[in-house]
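The values are calculated or read from the model by the stated rules, or taken from the named source; none is laboratory data. What you see is a predicted model; the values in this text were computed from it and never measured. Cβ placement follows ideal geometry from the backbone for every residue including glycine, while neighbour counts extend to all protein chains displayed. In case anyone asks, the SASA skips ligands and DNA or RNA and just uses the protein heavy atoms, side chains included. Shrake-Rupley method; radii C 1.70, N 1.55, O 1.52, S 1.80 Å.
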Amino acid sequence: MLCAAGLILLVFAFLSLNQLLGINDDLPMWDELYHAAGLRSQVYDGSRDGTVSVHFIDVGQGDCTLIQMGSRNILIDCGEAEEYANVAGYLKSAGVTRLDSVIMSHPHSDHMGCMYRLVHRYNASEVLMPDVPEYMLPVTGSFTKLEEVVEKMKIPLTRVKEGAVTDTGGSGELEVLSPIKPYDDLNNSSLVLKYTFGEVSFLFCGDIAEEAESDLVYIGSDLSADVIKVPHHGSETSSTRPFVNAVSPVYAVFSVGEENDYGHPHDRTLKLYRNLGAEIYRTDTNGDIVFVTDGKTIDVYTEKETSADAA
Ligand SMILES: [Zn+2]
């Protein structure tokens, strides 16, 4: 009896949520997509206690990073709208049932196309995005849908800039280094985030280009990091020499689609990181790439091949 009552309540809650969201037509499709999302093979089984794992999920031409700190899950970007089933399948396989923070580096679709669906499915606690002027925000598409979902689900959508800190539940520090000022394009306005766990650090650069890179170097921001998510998919207009020197990474991760139309990553960019002695990983040749650290050492797991250096 109790079970039946519970079931009715659940159905009622689901219908109410649909009606509340005003997206009745879309929701069943999202759910179908979610349930159809096959489990993705995991390159790392998540078994090591006391470690943090940073997953660069292969979403083709786009960015998607999951940071797992014990039971806490933070997602930075998520790829295009059509990557939803892919990302949901990955999260499902990684045992993620809830997203604590969802961070949008900037509102371009290759970084946040399926974010509204993930925020809804994983009942995200908060969404963070860069503090950009209103007139620069997209007025249609995935961004508008995200605004609708967060408003109706009462999820805070917070605009942040340099100095903001995200709650990691005590597993290190996740700090916003950029934007340090308003820029007149969305790429340079990207959030640059530095995550430090013990002695190990990661730098997530969104799609920043020369202007934001130069500003970070000029103000003397502590950019040094063991692992860099290379800015703007390895474009030639990013990864300026002084910036890359300041980061001085041991590992460089390029999030790029196979044979993409933009020619990413650019040869000059690859060469720059190689010449610095960084080990290169790329989602187009390595697939999913996972870094696991205990705060001292770093282990790398990849879906395909061990390093893209041979490519
Ligand atoms: Zn991009």
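Relative contact order for the chain: what percent, with Cα pairs under 8 Å and sequence separation of 6 or more? Don't skip to the answer; put the middle values down first.
Numbers: 675 pairs, mean separation 47.2, N = 311.
Relative contact order for the chain comes out at 15 percent.
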Worksheet item: Across segment 47-54, in residue order, what do the Karplus-derived ³J(HN,Hα) couplings come to in whole Hz, using 6.51 cos²θ - 1.76 cosθ + 1.60 with θ = phi - 60° and x for Gly and Pro?
Response: 8, 8, 5, x, 10, 10, 10, 10
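Helix-only mean residue ellipticity at 222 nm, the chain, DSSP H runs n ≥ 4 weighted -39,500 (n - 2.57), per residue, nearest 500. What is it?
Values: 10 runs with 93 residues, N = 311.
Dividing the helical sum by the residues of the chain leaves -8500 deg cm²/dmol.
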Worksheet item: Toward the positive end of the charge dipole of the chain, about the Cα centre and with charges on Cβ (Lys, Arg +1; Asp, Glu -1), which of 137, 182, 221 goes farthest?
Response: 221
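Rolling a 1.4 angstrom probe over the protein heavy atoms, how many square angstrom per residue are accessible across segment 241-311?
48
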Worksheet item: Count the lysine pairs in segment 37-310 that are 8 or more places apart or on different chains: how many have C-alpha atoms under 15 angstrom apart?
Response: 4
Item to complete: For the chain, build the charge dipole from Cβ charges (+1 Lys, Arg; -1 Asp, Glu) around the Cα centre, then report which of 245, 102, 172 sits farthest towards its positive end.
Response: 172
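Ratio of the chain's C-alpha Rg to 2.2 N^0.38 Å, to two decimals? All intermediate terms of the calculation are to be shown ahead of the outcome.
Values: Rg = 19.2 Å, N = 311, 2.2 N^0.38 = 19.5 Å.
Its radius of gyration relative to the 2.2 N^0.38 Å reference: 0.99.
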Discussion item. Within the chain, what whole-number % of the accessible surface is contributed by carbon and sulfur, with the 1.4 Å probe and all protein chains included in the calculation?
Written reply: 52
Discussion item. I'd like the Karplus ³J(HN,Hα) series for segment 64-71: coefficients 6.51, -1.76, 1.60, θ = phi - 60°, whole numbers in Hz, and an x wherever there's a Gly or Pro.
Written reply: 7, 10, 10, 10, 10, 10, x, 8
Worksheet item: By how many nm would the segment from residue 39 to residue 222 grow when fully extended, if each residue of separation counts as 0.36 nm and the alpha-carbon distance is taken off?
Response: 62.0 nm
Discussion item. What's the magnitude of the charge dipole for the chain around its Cα centre, counting Lys and Arg as +1 and Asp and Glu as -1 at the beta-carbon? Answer in Debye, nearest 20.
Written reply: 700
Item to complete: First measure r as the distance between the Cβ atoms of residue 137 and residue 268, then evaluate 1/(1 + (r/R0)^6) with R0 = 41 Å and state the FRET efficiency to the nearest 0.05.
Response: 0.80
Fill in: Accessible area (Å², 1.4 Å probe, nearest 10) - residue 51
20
Worksheet item: Taking the Cα centre of segment 171-277 as the origin, how large is its charge dipole in debye, to the nearest 20, when only Lys and Arg (+1) and Asp and Glu (-1) carry charge on their Cβ atoms?
Response: 320
Practice prompt. Starting from the amide H of residue 103, placed 1.01 Å from N in the peptide plane, find each other amide H under 5 Å away whose residue is 5 or more places distant or on another chain.
Written response: 75, 76, 77, 128
Item to complete: Quick one: net charge around residue 297, please, counting Lys, Arg +1 and Asp, Glu -1 for every other residue with C-beta under 15 Å from its C-beta.
Response: -4
Fill in: Choice from 60, 50, 172 with maximal GNM fluctuation in the chain (Cα, 10 Å cutoff)
50
Worksheet item: Mind listing the phi-derived Karplus ³J(HN,Hα) values for segment 229-240, rounded to whole Hz, using 6.51, -1.76 and 1.60 with θ = phi - 60°, and x for any glycine or proline?
Response: 8, 3, x, 6, 6, x, 4, 6, 8, 10, 6, 5
Practice prompt. Relative to the longest principal axis of the C-alpha atoms of the chain, give the angle of the C-alpha long axis of helix 142-153, reported between 0 and 90° and rounded to the nearest 10°.
Written response: 50
